[in-house]
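**Q** Before we start, here is the structure in question, set down as structure tokens.
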Amino acid sequence: MFEDKLLFNQSANRYPDEGYREQVEIELLLEGLYRVYGYDFRDYAFPSLRRRIWHQVYKEQLTSISELQGRLLYDRKASERLVETLSIPVTEMFRDPLMFKKLREKVLPELKDMPMIRVWHAGCSTGEEVYSMAILLEEEGLFEKTRLYATDMNIASLQQAREGICSLEKMKQYTMNYLEAGGKHSFSEYYKVTNDGMVVFDPRLRKNMIFSDHHLATDKSFNEFQLIFCRNVMIYFNDTLRDRVHQLIYDSLAPDGVLVLGSKESIHYTAFRSRYEEVDYNERIYRKIR
């Protein structure tokens, strides 16, 4: 990212415009965040980064990106607030219900004879997807022999996922999603409402979950998996980082392992296209074949 650039345009006999200066500020901020704290956003898509960085500048009541850089370099809490903004924690229970229904119909039956099933939710955010999958596995009789690995670089989101909590006001939508995904019971069987208007999911759903911080931009594969979810994560990456993550996922999938991408993502425009077959094109479910 940090290629040598002329700060003075001799042919035009003028200094670079504000857009270029802003880009340099953003690059320096991201480099500092990486060198000091190990969070690597340098290959994220620039337009989205720019919007979110400026959002954080105003939220911190500052006036420039350089001021934000100065603050986060000496304030760990400020860096964590920025990471939370940049990591885009968006999720919900049984998001895209038809995808979960297709998993129930097309993927899980093929795993019934396996002695152990490992599932990785890469970029798990606050954990709603992981709990959705636990419920699905429970209803299909596979939960006891499954380990669900939930990873994210956002420590605050991971902590919420570990606790299994979310807002009560979301339950109406989540219940509708669950039923559309082919739910077999009453969704309310899987959670309890607390006195402060929050929901806590049944602790038994957590017993086979392993939560850990993991950064797709820098960290390596850590196991072999039969099923990997990486949904609506790579849409924020540039081509270089997207290729790296696809390689990481491919290396982490067992033979015949299944990859689930988000609705706006596809394997077809990557170097790995020939290494997968479609399980369901519309729901972005793919099987590793070579």
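The values are calculated or read from the model by the stated rules, or taken from the named source; none is laboratory data. It should be emphasised that the depicted structure is a prediction, and the values quoted were computed from it without experimental measurement. Every residue, glycine as well, gets a Cβ built from its backbone with ideal geometry; the counts of neighbours run over all protein chains shown. Each accessible area value is taken on the protein alone, full model and side chains, heavy atoms only, with ligands, DNA and RNA left out. Shrake-Rupley method; radii C 1.70, N 1.55, O 1.52, S 1.80 Å.
**Q** Regarding the range 135-151, can at least one residue be identified that is more than 15 Å from Leu108 (Cα to Cα), open to solvent by less than 10 Å² (accessible area, probe 1.4 Å) and either out of contact with any Pro (no Cβ under 7 Å at 6 or more places or on another chain) or basic (Lys, Arg) (or both)?
**A** yes
**Q** Next question. Inside the range 188-237, counting only strands (runs of 3 or more DSSP E) that do not spill past its ends, which hold 1 or more residues that are under 23 Å from Leu86 (Cβ atoms) and of a type in the set (A, V, I, L, M, F, W, C)?
**A** On the way: elements: 191-193, 198-201, 209-213, 225-230.
Once the strands (runs of 3 or more DSSP E) in the range 188-237 are filtered for at least 1 residues that are under 23 Å from Leu86 (Cβ atoms) and of a type in the set (A, V, I, L, M, F, W, C), what remains is 209-213, 225-230.
**Q** Hey, among Thr85, Thr91, which residue is open to solvent by less than 70 Å² (accessible area, probe 1.4 Å), of a type in the set (Ser, Thr, Tyr) and within 17 Å of Met133 (Cα to Cα)?
**A** Answer to the check: Thr91.
**Q** Ok, one more. Quickly run through the range 215-256 and pick out the residues that are closer than 18 Å to Ser125 by Cβ, open to solvent by 20 Å² or more (accessible area, probe 1.4 Å) and of a type outside the set (Asp, Glu).
**A** Arg231, Asn232, Val233, Ile235, Tyr236, listed by residue number.
**Q** Within the range 110-128, restricting attention to residues that are open to solvent by less than 60 Å² (accessible area, probe 1.4 Å) and either in a helix (DSSP H, G or I) or of a type in the set (S, T, N, Q) (or both), which residue is nearest to Ile88 (Cα to Cα)?
**A** Among residues in the range 110-128 that are open to solvent by less than 60 Å² (accessible area, probe 1.4 Å) and either in a helix (DSSP H, G or I) or of a type in the set (S, T, N, Q) (or both), the one nearest to Ile88 (Cα to Cα) is Ser125.
**Q** Mind checking which residues of the range 24-66 are free of Cβ contacts under 8 Å to residues at least 24 places away in the same chain and open to solvent by 60 Å² or more (accessible area, probe 1.4 Å)?
**A** Tyr34, Arg35, Pro47, Arg51, Tyr58, Gln61, Thr63
**Q** Could you grab the pairs with beta carbons closer than 8 Å, sequence gap of 6+ or different chains, first residue in the range 268-290 and in contact (Cβ under 8 Å) with a residue 60 or more places away in the chain and open to solvent by less than 90 Å² (accessible area, probe 1.4 Å), second one in a strand (DSSP E or B) and among the acidic types (Asp, Glu)?
**A** Matching pairs, first to second residue: Ile285/Glu278.
Residue by residue, here is whether (1) aliphatic (A, V, I, L, M); (2) more than 23 Å from Arg118 (Cβ to Cβ); (3) under 23 Å from the mean Cα position of the chain (by Cα) holds:
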site	(1), (2), (3)
Leu158	yes, no, yes
Arg162	no, no, yes
Met171	yes, yes, yes
Val193	yes, yes, no
Val200	yes, yes, yes
Arg204	no, no, no
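**Q** Could you please give the count of residues in the range 67-95 that are under 18 Å from Phe41 (Cα atoms) and without any contact (Cβ under 8 Å) to a residue 40 or more places away in the chain?
**A** Qualifying residue count, the range 67-95: 8.
**Q** While we're on this one: Which members of the range 136-182 meet the condition of being in a helix (DSSP H, G or I) and of a type in the set (D, E, K, R)?
**A** Matches in the range 136-182: Glu138, Glu139, Glu144, Lys145, Arg162, Glu163, Glu169, Lys170, Lys172, Glu180.
**Q** Checking Thr175 against (1) within 23 Å of Lys102 (Cβ to Cβ); (2) touching a residue at least 24 places away in the same chain (Cβ under 8 Å); (3) hydroxyl-bearing (Ser, Thr, Tyr), which single condition isn't satisfied?
**A** Among (1) within 23 Å of Lys102 (Cβ to Cβ); (2) touching a residue at least 24 places away in the same chain (Cβ under 8 Å); (3) hydroxyl-bearing (Ser, Thr, Tyr), Thr175 violates only (2).
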